[in-house]
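Engineer: Below is one structure. I have some questions about it.
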Amino acid sequence: MRKLGIYWASDLVDTTGTIRTGVIDTATPEVRSALTQQLREYMMTDTADLQGQSDRIFPGCRLLRTRTKMLGIVKEVYDTRYLVELQHDPNGNPKRRKRMHMWGKNRCIEVSQTEWNRWTQQPHTIPDSYEPHQQRTSVSNTKPEPRPRQYTQPSCGRIHETPAVVEFLRNPGDIKDITMVSDGSVRDSKYRGTWAWSLVKFDNQGVFLGGVHSVGCGATTDENLLTDEKHSYRMEALALLDGLTYMKNRITWEGTIHWHTDSESVIKTCAKINNGMKAGAWTKQKDKDVWEPLHKLLKWWGTRLKLQHVESHVDRKRDAQGNRRIPTNIEHMSIAVDALADEGYNTTIPNTRIEMYE
């Protein structure tokens, strides 16, 4: 869908609020089925928003050429014209049907699914003067302006804050380094994923989570197109995004963060970004909705963010002699945050809203 320039669910709905089946038909059968079902559910709650952006034209849309009353299906979209496959010619020339034509954007307009079905079966009913369902002066094919991102809450998960610890973080004195840990969990890739991060305190007896932590549920690749499955890589990135945003906006931490995660993939992606990710690699990057704001955060933190890998689930593993391994302090904190992430399956937490991040 993104290859066609489709960014919102409203792009898949025509001017009457009806699903654009012609556009959806360009997708694979699996995606088409998922889109149709999820769009119907989405339209039940956001019809007004859908109507607001339904004037963009994509391959698969059905057009009427107003002067000649020709009907056609868009195959490609250019700056000022459409490449259209002709479906009806009022002059009755059968040789022209199914041929490709270039139509100027200012000479044609989209018709609804209902009107298309009626006019293709009864061409004589096409009116001499056609007023579209929504009044508009021109058809826009530019990418819609991004919705403003405002960080209006401490965390997009279920946040736990101890006032004394928050006050300490804001006025740390001579302390310039803190330790944080995160983890992601995916039990069912088609249902939901969870993530968690926490500040970590050390004492003489070992390590314990202290003062501030957050637990959240995974979001999809696009909040309007609910088709992509959740996966551990995404959950780990969401935890890092939420935690770094919290420390930047809520705490305004000016020191260094030693961040521990068991996701080597996230660490490698962050390293690529810091070293200057090439355009080709960014094109192939998964979960851009997460990594775009995270990319900005990584640039903002710079060398003050130290990402380190920690082995996961050490308490479940054995050494070469078959004895249970004894986790280190760092590994203990990873186990504890993994348990926090699992709590997300048993509590009511809304999906992470990516637009909440700067």
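Throughout, read-outs are computed from the coordinates displayed, never taken from laboratory work. What you see is a predicted model, and the numbers here were worked out from it, not measured in a lab. All Cβ positions, even for glycine, are placed from backbone atoms using ideal geometry, and neighbour counts span all protein chains on display.
Engineer: At a 10 angstrom cut-off on C-beta neighbours, averaged per residue, how do the peptides 239-251, 75-87 rank from highest to lowest?
Structural biologist: 239-251, 75-87
Engineer: Based on a Kirkwood Rh over C-alpha pairs, give the Stokes-Einstein translational diffusion coefficient of region 236-314 at 25 °C and viscosity 0.890 mPa s in µm²/s.
Structural biologist: 187 µm²/s
Engineer: Among the listed pairs LYS69/LYS105; LYS248/LYS286; LYS272/LYS299; LYS278/LYS306; LYS278/LYS299, give every one whose C-alpha distance is greater than 19 Å.
Structural biologist: LYS248/LYS286; LYS278/LYS306
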